[in-house]
Amino acid sequence: MSGILKYQQFFERFQPDSRVLDVGCGVGDLTARIARKVPQGFVLGTDLQCGDLTRAARRYPCARYPNLRFLCADARTLRLPEEPFDFAVSRCCLHFVRWPGNSFPAIARNLKAGGCMHVWFYGYGHCRQIEDCLRTLISRMEWFPYFRNFQPSWYFVSPAACQPWLCQAGFVARQLELQEDTVNFPNREVFLQWLRWAWGSYWERVPQSRLAAFQDGFLELYGDTKSYRARKVWLVVEAVKK
């Protein structure tokens with residue numbers, strides 16, 4: 001079962017009147033699905049990307065989703081005026097926070113006592129082969145000048161690293177584990193498109209005129225050119241606020 005389907009299984013716990021906070025909602029597709037699950041409840045989607053939120057509001061307007069609202073907010077500093085929520089969810093977002101656990105206290109502030117947080121984000125070991133190949137490539141003389149002082153924009157952590165953050169935020173863990181997905185891509189171009197999106201902080205450093213050489217160098221290091229795949233590792237965290 002794919003990660004997104006496993007994540008949506010959690011939605012079965014929502015009651016028709018549940019209040020749900022979606023942290024890092026992006027363009028709001030999953031947030032709108034949640035809103036349909038809680039017709040008498042309320043759903044708030046938050047994100048730092050104003051462009052995504054504008055798209056979300058246009059795709060899922062209040063006229064069609066009266067129980068859904070979107071708000072620009074930082075996952076690390078959430079202080080929302082709404083009543084506390086029953087559930088807080090987040091998918092494919094918190095690895096962009098410097099130490100994902102930094103967001104746990106802010107999420108806890110906006111949950112009622114006994115409320116449940118269920119978050120999925122990339123964990124330790126995620127796409128390790130891709131990361132290793134990219135680091136090897138950018139250390140080479142021809143690419144190193146483009147990557148001086150480079151720091152990736154994501155942080156992949158282990159379950160053990162998350163546990164102290166949960167305790168500090170006042171959560172009791174119900175689930176804290178790594179889960180793996182393997183994604184197969186149909187051809188080279190689709191694989192490269194995904195890399196440019198998922199690992200864009202590398203690609204954006206390289207001049208347009210040199211992108212083809214950079215991609216060829218990566219694929220040479222990556223190895224098997226007959227099949228293109230990536231091994232995703234999710235860190236799944238479910239916890240209850242004391």
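The values are calculated or read from the model by the stated rules, or taken from the named source; none is laboratory data. Bear in mind the structure is a predicted one, so any value in this text is a computation, not a measurement. Because the Cβ atoms are built from the backbone with ideal geometry, glycine has one as well, and the counts that use them run over all protein chains shown. Areas reflect the complete protein model, heavy atoms only, side chains present, ligands, DNA and RNA absent. Shrake-Rupley method; radii C 1.70, N 1.55, O 1.52, S 1.80 Å.
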Within the stretch 216-231, considering residues that are within 16 Å of ARG196 (Cα to Cα) and open to solvent by 20 Å² or more (accessible area, probe 1.4 Å), the one farthest from the chain's Cα centre (by Cα) = ASP216
query = Within the stretch 148-167, can you find the residues that are outside any helix (DSSP H, G or I) and either free of Cβ contacts under 8 Å to residues at least 24 places away in the same chain or of a type in the set (Lys, Arg) (or both)?
reply = ARG148, ASN149, GLN151
request  = Scan the stretch 25-36 and give yes if some residue there is open to solvent by 10 Å² or more (accessible area, probe 1.4 Å), at pLDDT 95 or above, hydroxyl-bearing (Ser, Thr, Tyr) and in contact with a strand residue (DSSP E or B) (Cβ under 8 Å, 6 or more places away or on another chain), otherwise no.
outcome  = no
ask   = VAL43 versus (1) modelled with pLDDT of 95 or more; (2) surrounded by fewer than 17 Cβ atoms within 10 Å (Cβ to Cβ): which is the lone unmet condition?
value = (2)
query = Restricting to the stretch 181-221, what's the tally of residues that are over 16 Å from GLU131 (Cβ atoms) and in contact with a Phe, Trp or Tyr (Cβ under 6 Å, 6 or more places away or on another chain)?
reply = 2
inquiry  = If I filter the stretch 92-129 down to residues being crowded, with 18+ Cβ neighbours inside 10 Å and either of a type in the set (Ser, Thr, Tyr) or part of a loop (DSSP other than H, G, I, E, B) (or both), which single residue comes out as modelled with the lowest pLDDT?
reply    = VAL97
request  = Might you let me know whether the stretch 171-191 holds any residue that is surrounded by 11 or more Cβ atoms within 10 Å (Cβ to Cβ) and assigned to a loop (DSSP other than H, G, I, E, B)?
outcome  = no
note = Filtering the stretch 137-160 down to residues that are farther than 25 Å from LEU235 by Cβ and open to solvent by 30 Å² or more (accessible area, probe 1.4 Å) yields SER139, ARG140, MET141, GLU142, PHE144, PRO145, TYR146, ARG148, ASN149
note = Pairs returned, first residue in the stretch 195-215 that is of a type in the set (Val, Ile, Thr), second residue that is surrounded by 14 or more Cβ atoms within 10 Å (Cβ to Cβ), beta-carbon separation under 6 angstrom, 6 or more apart or interchain, are VAL206/TYR146; VAL206/PHE214
note = Result of the Cβ filter at 8 Å on the stretch 222-242, keeping first residues that are within 17 Å of ASP132 (Cα to Cα) and partners that are crowded, with 17+ Cβ neighbours inside 10 Å and at pLDDT below 90, at least 6 apart or interchain, is LYS232/GLY3
ask   = Which of the residues spanning the stretch 35-71 are among the hydrophobic types (A, V, I, L, M, F, W, C) and under 23 Å from PHE14 (Cα atoms)?
value = ALA35, VAL38, PHE42, VAL43, LEU44, ALA56, ALA57, CYS62, ALA63, LEU68, PHE70, LEU71
task = Of all residues in the stretch 119-147, count the ones that are within 19 Å of GLY223 (Cα to Cα) and either aliphatic (A, V, I, L, M) or in contact (Cβ under 8 Å) with a residue 40 or more places away in the chain (or both).
result = 12
task = Select from the stretch 92-138 the residues that are of a type in the set (S, T, N, Q) and touching a helix residue (DSSP H, G or I) at 6+ places or on another chain (Cβ under 8 Å) and list them in ascending order.
result = ASN102, SER103, GLN129, THR136
ask   = When CYS133 is evaluated against the numbered criteria (1) within 20 Å of VAL233 (Cβ to Cβ); (2) not in a helix (DSSP H, G or I), which criterion, by number, is the only one it fails?
value = (2)
